[in-house]
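The values are calculated or read from the model by the stated rules, or taken from the named source; none is laboratory data. It should be emphasised that the depicted structure is a prediction, and the values quoted were computed from it without experimental measurement. Positions of Cβ are backbone-derived with ideal geometry, glycine not excepted, and every protein chain shown enters the neighbour counts. Just so you know, the surface numbers come from the protein's heavy atoms only, side chains and all, with ligands and any DNA or RNA stripped out. Shrake-Rupley method; radii C 1.70, N 1.55, O 1.52, S 1.80 Å.
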Amino acid sequence: MKILPRSMEEAQEQEAAELLERRASRLREQTETTVEEAVHWIAEFPLGEERYALSLEMLRAALPLRMVTPVPLSAPHVVGVLRFQGQVLSALSLASMLGGHGWRQDPAVLLVVDRGDGELCALDCEAIPRPTTLPMSAVEAARVRAEGPVTEVFTHDRQLIHLIDLKRLFAVRSTGGRNAR
């Protein structure tokens with residue numbers, strides 16, 4: 001430790017105090033100007049030529065499609081069954097459940113999801129989804145005007161994402177509503 005004359009020590013203390021005050025002022029300005037908007041986390045993936053997404057909180061795992069055992073004489077939307085963490089799950093065709101949208105390429109991934117009622121199932125998908133966010137205000141505004149299980153939400157850069165509400169999707173299918181087979 002250097003021993004400095006008292007006036008030098010006071011000058012350094014004054015300089016440090018000014019530096020800390022400038023930093024504190026910058027931080028205060030940042031918090032006043034950059035109010036963080038609430039976001040909704042999603043798992044985004046392609047479905048044909050469009051972008052679809054599920055709420056990230058509903059996604060439990062992504063598995064290879066080769067783990068599925070076909071079920072003869074099953075409904076058209078049933079791909080087969082698979083074992084996941086000691087449970088036997090139905091593997092379903094998401095494209096078929098949404099009304100016949102076609103894949104660009106053969107599905108290679110299964111998404112293990114919570115259907116919204118605590119039950120798990122698997123949905124086929126072209127690729128492993130990527131986690132991203134949507135502005136919560138845009139999601140809530142889109143849900144107000146949505147009637148079915150798919151909500152159209154625009155991102156900040158004006159890209160359209162079709163947000164799938166799994167609870168509504170399975171409710172529509174079980175009640176024999178639109179797209180039920």
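At-a-glance table
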item: Charge context of ASP157, other residues only, Cβ under 14 angstrom, K/R +1, D/E -1; result: +1
item: Residue order for MET8, MET136, MET97 - accessible surface, 1.4 angstrom probe, largest first; result: MET8, MET136, MET97
item: Full-stretch length increase - GLU57, SER7 - with 0.36 nm per residue and alpha-carbon distance subtracted; result: 12.0 nm
